[in-house]
Amino acid sequence: MKIKVSASILGCDLANLESEIKRAELAGADCIHFDVMDGVFVNNISFGLPVLKSAKRVSKLSFDVHLMITDPERYIDRFIDYGADNITFHIEATENPEQCIKICKEKGASVGISVKPATDISVVYPYLDSIDMVLIMTVEPGFGGQGFMASMTDKIKALCKKIKEQGLSTVIQVDGGINEKTARQAVLSGATNLVAGTYLFRSDDIASSVVKLKNSACR
Ligand code: DX5
Ligand code: ZN
């Protein structure tokens, strides 16, 4: 099973964004995970469109944009215009999930739906055949550096079962508190795409940390 690693720049040294992105790229990360927070949907504000545009210019990696914003349908097209290759929006943040999916497809981006820890995973089931990925939050969205919620593994397993039953290839991504130990729990439960911020960017040897995450199932 091929595991992908999405490096969350929320956990990097933002004063040196270009070199941090290059560090992740050279280490073998598959994507740059770009967390957008509006101070409304979550209790924090991060970065947005102009930063995405600049960051995109200095990297060949694909950009995986995680929108933690209310009514994401207002901004999805602009995030794609500014360089998002994938958009993941929160199901709790919109009354128009179909519209969010449609905008992504029309503009040629892949699309994911994310669920907060308290959200029942069955809410994404109606959309599984029209999206590329489901992001299961393994911490409360808003901040890096929190501890992995082990109870989320049941959710990952239930989703994995549903995807298999339907014969789909929807990717399961996890985000929050991922390190070499928790990655193994997530991967054994069915996740194949791991977001990691603190673990990667605080590592003295980021390349070996990426390898450890990718080999999670084999240890
Ligand atoms: C949290 C963000 C995460 C965050 C993960 O709301 O969505 O992407 O950067 O950070 P770590 O890996 O430090 O838990
Ligand atoms: Zn994220």
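A few notes on this one:
- Filtering Arg78, Arg57, Arg74 for residues that are touching a Leu at 6+ places or on another chain (Cβ under 7 Å), surrounded by fewer than 22 Cβ atoms within 10 Å (Cβ to Cβ), farther than 30 Å from Glu165 by Cα and not aliphatic (A, V, I, L, M) leaves a single hit, Arg78.
- Selection status of Gly11, closer than 17 Å to Ser203 by Cβ, in contact (Cβ under 8 Å) with a residue 12 or more places away in the chain and surrounded by fewer than 18 Cβ atoms within 10 Å (Cβ to Cβ): no
- Test: residue in segment 83-90 that is of a type in the set (Phe, Trp, Tyr), touching a residue at least 40 places away in the same chain (Cβ under 8 Å) and in contact with a strand residue (DSSP E or B) (Cβ under 7 Å, 6 or more places away or on another chain): no
- Residue check, Val5 buried (at least 22 other Cβ atoms within 10 Å of the Cβ) and either over 17 Å from Ile103 (Cβ atoms) or away from ligand 2 (no atom under 15 Å from the Cβ) (or both): yes
- Among the residues of segment 155-178, those that are within 16 Å of ligand 2 (Cβ to nearest atom) and within 18 Å of Cys31 (Cβ to Cβ) comprise Val171, Ile172, Gln173, Val174, Asp175, Gly176, Ile178.
- Test for Thr138: is it in contact (Cβ under 8 Å) with a residue 24 or more places away in the chain and either closer than 18 Å to Asp35 by Cβ or surrounded by fewer than 19 Cβ atoms within 10 Å (Cβ to Cβ) (or both): yes
- Pairs, first under 26 Å from Phe201 (Cβ atoms) and in contact (Cβ under 8 Å) with a residue 60 or more places away in the chain in segment 142-163, second of a type outside the set (D, E, K, R) and assigned to a loop (DSSP other than H, G, I, E, B), C-beta under 7 Å, six or more apart: Gly142/Val42; Gly142/Asn43; Gly142/Asn44; Phe143/Asn44; Gly144/Gly197
- The set of residues from segment 132-155 being in contact with a Ser or Thr (Cβ under 9 Å, 6 or more places away or on another chain) and aliphatic (A, V, I, L, M) comprises Met133, Val134, Leu135, Ile136, Met137, Met149, Ala150, Met152.
- Test: Asp64 is within 22 Å of Gly108 (Cβ to Cβ) and surrounded by 15 or more Cβ atoms within 10 Å (Cβ to Cβ): yes
- Unique residue being surrounded by fewer than 22 Cβ atoms within 10 Å (Cβ to Cβ), within 14 Å of the chain's Cα centre (by Cα) and touching a residue at least 12 places away in the same chain (Cβ under 8 Å) when the list is Val195, Val171: Val171
- Output for segment 84-108, where each listed residue is within 19 Å of Val195 (Cα to Cα) and either buried (at least 19 other Cβ atoms within 10 Å of the Cβ) or hydrophobic (A, V, I, L, M, F, W, C) (or both): Ala84, Asn86, Ile87, Thr88, Phe89, His90, Ile91
Throughout, read-outs are computed from the coordinates displayed, never taken from laboratory work. Note that the structure is a prediction, hence the values are computed from the model and not measured. Glycine gets a Cβ as well: all are built from the backbone with ideal geometry, and neighbour counts include every protein chain shown.
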